[in-house]
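Enquirer: Dropping a structure here in structure tokens format, bear with me for questions.
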Amino acid sequence: MRADRLMNILILLQNRGKITTGELAEELEVSERTIQRDMDALTTAGVPVLAERGKAGGWRLYDDFKTKLSGLNKEDIRSLFIFPSKTLLEDLGLGTGLDTREKLLSSLAGPYQEEAQHIRDRIYIDSEGWKENGHKKDEALPEIFTAVFENRRIKIEYEKINGDIINRTVEPLGLVAQKGNWYLAASHDGQLRSYRVSRVLTAHLLDEVFERPDGFHLEEYWRQSKKDFAAELPTFEVEVDISADIAKRVHFSAGKFMKVVRPPLKKGERMRAVFHFQSEQEAVEFILGFGTKMTIIKPKKLIKKIVAEAVSVISYYED
């Protein structure tokens, strides 16, 4: 609440030029003593607030600081008002941050306000899936968020991808949002690891403060972590011919792990492509789903697997 009030005071000083303690107290619905403490806090934080005495006195910002507040270029405005996903902000309990931006928008001078509105009318970021109510809030996220910002150790109960449940105490260093999913970057026994927050079953905040490692940069860590993860994934390569009538659908659904090696030269001709699956079984399940519309070129041994799986399906339903 106080942070919002301090922001409001700055906006009022920027817009009105000079304002008295009484006017601020009335505007923000607090006591004059509270306003005095807030002004002390702004001064301590390095905001150049000037108190003018006398009948015409009041609080005002130094002129050079006002210039800095309003001296924004188009790139500044665009970066400031391309709003992050509302859902992700609400996940972190920061939904009111959108209200603060609204207040900041209203405080801008005419041309800047027009540019900001221009951006808002043209860019909207949605981190949710297509299905309504598809985003489920991670119950452990508030505790983890607090631990990250207060540099406090946290004890988590975590379900690994294979279903095993582990308990460990970690030092949380940062949170990353990727495609609507939250990941925790944390140190455990001196090793940096990433944890998917949706698999954190419980999180207990401890009264133990830790020192962040020197030189740790969250973005750099995450980018390298993604590269390392992709490099360690197993791969099973399959070359296939794809019927023309499903080519677009296959490319849309599997384009990320498919490479076209021979596009169709004329209408109706089959397309040849190479897929990189994580396992042989994944390849069987994917290719079998397209029936005769997809023909295996190599490896030939996969054909026997496909036939065996098809026979098994037929036998299951005939019984």
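Computed from the coordinates by the stated procedures, all read-outs in this text should not be read as laboratory data. None of these values were measured; they are calculated from a predicted model. Cβ coordinates were reconstructed from backbone atoms using ideal geometry, including for glycine residues, and neighbour counts include every protein chain displayed.
Enquirer: Only Lys, Arg, Asp and Glu count, each charged at its Cβ (+1, +1, -1, -1), so figure out the dipole size of region 236-318 about its Cα centre, rounded to 20 debye.
Expert: For this selection, approximately 480 debye.
Enquirer: What's the FRET efficiency of Thr146 with Glu237 using the Cβ-Cβ distance as r and R₀ = 45 Å, to the nearest 0.05?
Expert: 0.50
Enquirer: Still on this structure, please answer the following. Find how much the distance from Ile314 to Asn181 grows on full extension, using 0.36 nm per residue of separation minus their present alpha carbon separation; answer in nm with one decimal.
Expert: 44.0 nm
Enquirer: Run the simple label-point estimate for Glu282 and Thr34 please: 7 Å along Cα→C-beta, distance reported in nm.
Expert: Each label point lies 7 Å from its Cα, and together they span 5.6 nm.
Enquirer: At 0.36 nm per residue, minus the direct Cα-Cα distance, what do Glu219 and Arg53 gain on full extension? Give it in nm, one decimal, please.
Expert: 54.9 nm
Enquirer: Work out the FRET efficiency for Glu27 and Ile161 from their Cβ-Cβ distance, taking R0 = 45 Å, and round it to the nearest 0.05.
Expert: Efficiency, rounded to the nearest 0.05: 0.25.
Enquirer: Ranking Ile19, Ile9, Ile156, Ile125 by Cβ neighbours within 10 Å, fewest first, what do you get?
Expert: By the 10 Å Cβ count, ascending, the order reads Ile125, Ile19, Ile9, Ile156.
Enquirer: Related question: Quick one: the Cα spread of region 236-318 along its three principal axes, in angstroms, biggest first?
Expert: Largest to smallest, the principal-axis extents are 40, 25, 22 Å.
Enquirer: Holding the Cα-Cα limit at 32 Å, pick out from Lys179/Lys304; Lys256/Lys301; Lys226/Lys293; Lys267/Lys298; Lys18/Lys137 the pairs that are longer than that.
Expert: Check vs 32 Å cut-off fails for Lys179/Lys304; Lys226/Lys293; Lys18/Lys137.
Enquirer: Further question: Sort Leu218, Leu173 by Cβ crowding within 10 Å, fewest neighbours at the top.
Expert: Ascending Cβ contact count within 10 Å gives the list Leu218, Leu173.
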